[in-house]
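Peer 1: Structure in structure tokens, see below.
Throughout, read-outs are computed from the coordinates displayed, never taken from laboratory work. Everything numeric in this text was worked out from a predicted model, so none of it was measured. Glycine also receives a Cβ, built like all others from the backbone with ideal geometry; neighbour counts cover every protein chain displayed.
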Amino acid sequence: EERARLAASAGPGRTADGHPVRLLLNVGSAADLRPGAEGVGLFRTEFLFLGRRQPPSRQEQVTAYAEVFGRAGGPVIVRTLDAGTDKPLPFLGLPEEPNPALGVRGLRVDRVRPGVLDDQLAAIAEAARATGADVRVMAPMVTTVAEAAGFAARARAAGLARAGVMVEVPAAALRAAALLREVDFLSVGTNDLAQYAFAADRQHPGLADLLDPRQPALLELVGMCARAGREAGKQVGVCGEAAGDPAVAPLLVGLGVTSLSMAPSCVPLVREALAGLTLAECEERAAAALG
Ligand code: PEP
Ligand code: MG
């Protein structure tokens, strides 16, 4: 038993019967990196842009990205800037909006400030070349297939061959199969997906029951994405807080997701939870949660 515990404490994520589930890190900078995972599933890049009157220079971005790429110990998925009227950044100079969560945020900022995304993609590509790391990019708050196709084309033009999108809006989950005809992977952001599926502010302390990732409607949306991934032969991960919850991670695996990306401190408990259950048991739990 002790040996099983030790085996479960390191190495790639697996269920008790050996089904692989990649365990990845959510980081905001190189300081967040920890050993023991298989790469980075969500590199949030907002920190570089916070509180600035001018956007960071190309070189400043290249340096910060290369620091993470060079030390990640595996593939890195970089999320392009997720800001907007809900997370205002002075240099964007966006007007206030009456309903910022439903306004110009995430990829939508590109509609009004197009240079920011292209500069960032160029800096990511340069840092990828400099380090030789396996780097993929993904866009936040994608809603339509046209947005996904446009993002993938811009990433390719910058020299980034592998592009994906986050699924944070129910409309995107409903179109998962069509999205996967345009991009290489999906990453489900359950924090925002719950907010938008349940029309419940993710920060609202009185609405925690609606935002619980075990809500069947949320699990249905995750399952739709995972099924589309299986049919397309493409990766579908989860990178919201749900992925780092040892009680929820087996449900996500049972729904068919191929990777879980989480805060570094969550990795050991999630690894242990998966090592204690077979894939069939994960599937049974998922079916029970949906029922
Ligand atoms: C999410 O929405 O689930 C997510 C991972 O992105 P963030 O928490 O940065 O909005
Ligand atoms: Mg989000």
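Peer 1: State whether the range 49-189 is rounded, prolate or oblate according to the following rule on the C-alpha gyration tensor (a ≥ b ≥ c being the square roots of its eigenvalues): a/c under 1.5 gives rounded; otherwise a/b larger than b/c gives prolate, and the remaining case gives oblate.
Peer 2: Oblate is the answer for the range 49-189, as a/c is 1.5 or above yet b/c matches or exceeds a/b.
Peer 1: So what is the relative contact order for the chain, in percent, with contacts set as C-alpha pairs under 8 Å and at least six apart?
Peer 2: In percent, rounded to a whole number, it is 19.
Peer 1: For Arg71 and Ala10, compute 0.36 nm times the residue count separating them, minus their Cα-Cα distance, and round to one decimal in nm.
Peer 2: Answer, rounded to one decimal: 20.1 nm.
Peer 1: A follow-up question, please. Counting Lys and Arg as +1 and Asp and Glu as -1, what is the net charge of the other residues whose Cβ lies under 12 Å from the Cβ of Leu102? Numbers along the way, then the final one.
Peer 2: Details: positive: Arg105, Arg108; negative: Asp86, Glu97, Asp192, Asp201.
Residues close to Leu102 contribute a combined charge of -2.
Peer 1: If we count every other residue with Cβ under 13 angstrom of Ala149's Cβ, Lys/Arg +1 and Asp/Glu -1, where does the sum land?
Peer 2: Charge balance in the 13 Å sphere: +1.
Peer 1: I'd like to compare 208-214, 115-121: which one has the highest average count of other Cβ atoms within 10 Å, and what's the full order after that?
Peer 2: Peptide ranking by packing, descending: 115-121, 208-214.
Peer 1: Can you compute the modelled spin-label distance between Arg181 and Asp118, with each label point 7 Å from Cα toward Cβ, in nm?
Peer 2: Between Arg181 and Asp118, the simple spin-label model gives 2.8 nm.
Peer 1: Give the shape of the range 181-291 as rounded, prolate or oblate, defined through the alpha-carbon gyration tensor: a ≥ b ≥ c are the square roots of its eigenvalues, a/c under 1.5 means rounded, and otherwise the shape is prolate if a/b is larger than b/c and oblate if not.
Peer 2: Here the range 181-291 falls in the rounded category.
Peer 1: Separate question: If you plug each phi of the range 74-84 into the Karplus form 6.51 cos²θ - 1.76 cosθ + 1.60 with θ = phi - 60°, what whole-Hz ³J(HN,Hα) values come out, in order, with x for Gly and Pro?
Peer 2: x, x, 10, 9, 9, 8, 5, 2, 10, 10, x
Peer 1: What whole number of Å gives the distance from the Cα centroid of the range 26-44 to the Cα centroid of the range 58-125?
Peer 2: 17
Peer 1: For every other residue with a beta carbon closer than 14 angstrom to the beta carbon of Pro90, add +1 if it is Lys or Arg and -1 if Asp or Glu, then tell me the sum.
Peer 2: +2
Peer 1: Going toward the positive end of the dipole of the chain, with +1 on Lys and Arg Cβ and -1 on Asp and Glu Cβ, which of Leu180, Val238, Ala194 do you reach last?
Peer 2: It is Leu180.
Peer 1: Right, another one. Would you kindly state how much longer the chain becomes between Ser265 and Phe91 on full extension, computed as 0.36 nm times their sequence separation minus their alpha carbon distance, in nm to one decimal?
Peer 2: Taking Ser265 through Phe91 to full extension adds about 59.3 nm, to one decimal.
Peer 1: Under unit Cβ charges (Lys, Arg +1; Asp, Glu -1), what dipole magnitude, rounded to 20 debye, does the chain have relative to its Cα centre?
Peer 2: My answer is approximately 720 debye.
Peer 1: Roughly speaking, what is the centre-to-centre gap between the range 190-267 and the range 144-171 when only Cα atoms are used, to the nearest Å?
Peer 2: Centre-to-centre distance over Cα atoms comes out at 20 Å.
Peer 1: Given the options Arg154, Arg175, Arg111, state which has the largest fluctuation in a GNM of the chain using a 10 Å cut-off (strictly under) for Cα springs.
Peer 2: Highest fluctuation of the listed residues: Arg111.
Peer 1: With +1 on the Cβ of every Lys and Arg and -1 on the Cβ of every Asp and Glu, and nothing else charged, how large is the dipole of the range 102-145 about its Cα centre, in debye rounded to the nearest 20?
Peer 2: For the range 102-145, the charge dipole is close to 220 debye.
Peer 1: For the chain, return all DSSP H helices satisfying: extent of Cα atoms along own axis at least 15 Å; mean Kyte-Doolittle hydropathy at least -1.0. Show your work: numbers first, answer last.
Peer 2: Working: long enough: 58-71 (20 Å, -0.76); 114-131 (27 Å, 0.33); 145-157 (18 Å, 0.52); 216-232 (24 Å, 0.52); 279-290 (16 Å, 0.34).
Span-like helices in the chain: 58-71, 114-131, 145-157, 216-232, 279-290.
Peer 1: Once R0 is set to 30 Å, what does the formula 1/(1 + (r/R0)^6) return for the Cβ-Cβ distance between Arg111 and Leu207, expressed as a FRET efficiency to the nearest 0.05?
Peer 2: Calculated value: 0.55.
Peer 1: Label-point separation (nm) for Asp32 and His19, each offset 7 Å from Cα along Cα-to-Cβ?
Peer 2: Output for this residue pair reads 2.8 nm.
Peer 1: Would you please put 192-200, 138-146 in order of how densely packed they are, using the mean number of other Cβ atoms within 10 angstrom per residue and starting with the highest?
Peer 2: Most protected by this proxy first, the peptides run 138-146, 192-200.
Peer 1: Once you have the alpha carbon radius of gyration of the chain, what is it after dividing by 2.2 N^0.38 Å, with N set to its residue count?
Peer 2: Working: Rg = 18.4 Å, N = 291, 2.2 N^0.38 = 19.0 Å.
Cα Rg divided by the expected 2.2 N^0.38 Å: 0.97.
Peer 1: Any idea how far apart Ala157 and Arg227 come out in nm if each label point goes 7 Å out from Cα toward Cβ?
Peer 2: Simple spin-label model gives 3.6 nm for this pair.
Peer 1: Apply the a/c threshold of 1.5 to the C-alpha gyration tensor of the range 167-206 and tell me whether it is rounded, prolate or oblate.
Peer 2: Prolate.
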